[in-house]
Amino acid sequence: MRFQKILGFFPTLERDERRDLVQQLEQSAQTKIDFIMMMVLSTSLASLGLLADSTAVVIGAMFVAPLMGPLVAAGHSLVQANLSLKPELP
């Protein structure tokens, strides 16, 4: 009973909303040329920040890195035990 009361605070998704969420996660987990280019740019920016001994530039490179989509998809894949969502490596 107490557990059900706690669960009432969390939003729930309908079937169509869950399907849309999985489709968005699948799209964000795919490796595309824009993902690769952003990773190259953020890696080079972080390298320059390390060489210049600039903490602000290294932190800025972390903001530029597009890692959130694959990380969220991997987390959702683990929670749902749905290995088809795991990010694909090139």
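A Cβ distance below 6 Å, combined with a sequence gap of six or more or placement on separate chains, defines the contacts here; from the stretch 10-36, residues that are closer than 19 Å to GLY75 by Cα reach residues that are among the acidic types (Asp, Glu) in the pairs THR31/GLU88. Within the stretch 17-36, restricting attention to residues that are over 12 Å from LEU67 (Cα atoms) and hydrophobic (A, V, I, L, M, F, W, C), the residue that is surrounded by the most Cβ atoms within 10 Å (Cβ to Cβ) is LEU25.
Readers should treat all values here as calculations from the given coordinates under stated rules, not as data from a laboratory. Just so you know, these numbers come straight off a predicted model, no measurement behind them. No Cβ is skipped: glycine too gets one built from the backbone with ideal geometry, and neighbour counts run over all protein chains shown.
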